[in-house]
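Below is one structure, written out as structure tokens; comments come after it.
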DNA sequence: TGGATATTATTTGTATCCAGTTTGGATATC
DNA sequence: GATATCCAAACTGGATACAAATAATATCCA
């Protein structure tokens, strides 16, 4: 079960619980980007009253995961005009954060990072994209905790959540041929290990460099997915479609 | 009247109005950092019911201006352990943002920036610290709009709000001797003009450099204020306090 | 007199209710 | 048949009523 949620249950208030549930559904794409949130339905399903549901929605709007669209509330969606901004900010924050992590990590941080890294590598065996991206997110969160200042950590977490959604969105709409076992996944794991090594060694420059590389790698995967290029495009077999007269051979 | 608030009234909903009012009171230090928010009192004064007041509080908690302290809600306060983080993040975001602004500014941005710059300089004549810091904030917001991506702008705005509060807090608790007309103020205005020039010229490197200088200047003013050093500390006249026996001369 | 427990009061979280507004559908008229 | 108008239903924002939890005070016993 996914749990990217901050308040990992132990939820005291109903409002917190509902908040976590809706958030999870948004991040897991169960609530599709752009779809409207039906408050009444959530009230019905959850069994609580409108008040805690409304609080949850208010918070999610404030965080940017939901947004008010005139009268109704929608799940925030992505458009291409945001892509540049997102990657730009991710690059900036990621590099700075990893540099700081290398300079400030404590032994406890290293332990937590290593554990998260191994969880990711374990997940990389099984072909579950959702769990994998979640493990990846959690690894980067551990790193962020290791060194980022509280402020930077918060910003980086916001960006990371954003990219998690973006990644899943691209996975759904885009090309999803054989990610598990792919070259990209191998490179990702290598990056993680390099990041860990640099941070463990306290090498800020190296951490910065690898973080940069890692962000580029991520960006290229997404763009490739979006553009539908599954590696070598030349391997396509263009075959005559049945039921077309010979003269109907289309250009392209 | 201060108006650092985003939704500059025209607020349709009661909740929005209350949100803006509370936010303003927090930023203006009318609601002191650390003090508890009395929901009932706000309900009484505003004349609306608990529902919109609660919505406002929920949003402000989500933004970090308020925070839940067990049962009650307090105005977020500063402690010295945050200072490093704040300046670190401010430096990072400020430099990046100004660089982007130089690379992407449109004519409309330049107009707005120039107007805000002149408002600041006009305020610099009158000795009103609150209005001055607000004009300063608004200038930097215009710059941020000029070039920062939507994401970066949001982060920078958050930091800027944070530093605005920090600045006012330091002004209240710290040394406040003759800021208006001071060397620091002159340097601030010069920085603003240099920033504008660099951005107008599209010189990203220069914008970055000046932004860095400006952030250092700001940081040094705050630390000086906090440490209570009003310029040359040697000018203190140490005089015998009346009503103390000669042997009672305290160490420091 | 001091400490502990019980009771009360205040505050916060939740539920329900009400009013205003908007949307969808149905009917009537052109 | 199409369009316009009106009515109804549903939803949102806001108000209030209710319940639960915590804090404060008072009383009783040692």
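Rule-based calculations on the coordinates, nothing more; no lab input. None of the values given here were measured: they were computed from a predicted structure. Cβ: placed from backbone, ideal geometry, glycine included. Neighbour counts: every protein chain shown.
The mean count of C-beta atoms from other chains within 10 Å of the C-beta of residues in A:76-88, rounded to a whole number, is 2.
Counting neighbouring beta carbons within 10 Å and listing from fewest to most, the residues A:200, A:220 come out as A:220, A:200. Taking the centroid of alpha carbons for each part, region B:28-62 and region A:27-87 are 24 Å apart. Each peptide in B:68-75, A:133-140, B:94-101 receives the mean, over its residues, of other Cβ atoms within 10 Å, and ordering these scores from highest gives B:94-101, A:133-140, B:68-75.
Going from the residue with the fewest nearby Cβ atoms within 10 Å to the one with the most, A:125, A:162 rank A:125, A:162.
A simple spin-label model places the labels of residue A:175 and residue B:187 5.5 nm from each other, with each point 7 Å out along Cα-to-Cβ. Pairwise Cα distances in region B:112-155 exceed 11 Å for 63 percent of all pairs.
Legend: mean number of C-beta atoms from other chains within 10 angstrom of residue C-beta atoms, peptide A:152-158, equals 4. Computed from Cα atoms alone, the Kirkwood hydrodynamic radius reported for region A:37-127 is 17.3 Å. In terms of surrounding Cβ atoms within a 10 Å radius of their Cβ, B:163, A:51 rank from fewest to most as A:51, B:163. The base-10 log of I(q)/I(0) for region B:145-224, evaluated at q = 0.14 Å⁻¹, reads -0.56 [Debye formula, identical scatterers on Cα atoms, solvent excluded]. Peptides A:53-61, B:30-38, ordered by how many other C-beta atoms sit within 10 Å of their residues on average, highest first, read A:53-61, B:30-38. Considering every alpha-carbon pair of region B:44-90, the percent of pairs per 10 Å bin, from zero through the bin containing the longest distance, is 23, 40, 25, 12, 1.
Is the C-alpha gyration tensor of region A:69-176 telling us rounded, prolate or oblate? Criteria: a/c under 1.5 is rounded; beyond that, a/b larger than b/c is prolate, otherwise oblate. Oblate shape, in that a/c is at least 1.5 and b/c is the bigger or equal ratio. Under the rule a/c < 1.5 gives rounded, and otherwise a/b versus b/c splits prolate from oblate, where does region B:13-73 land using the Cα gyration tensor? Rounded.
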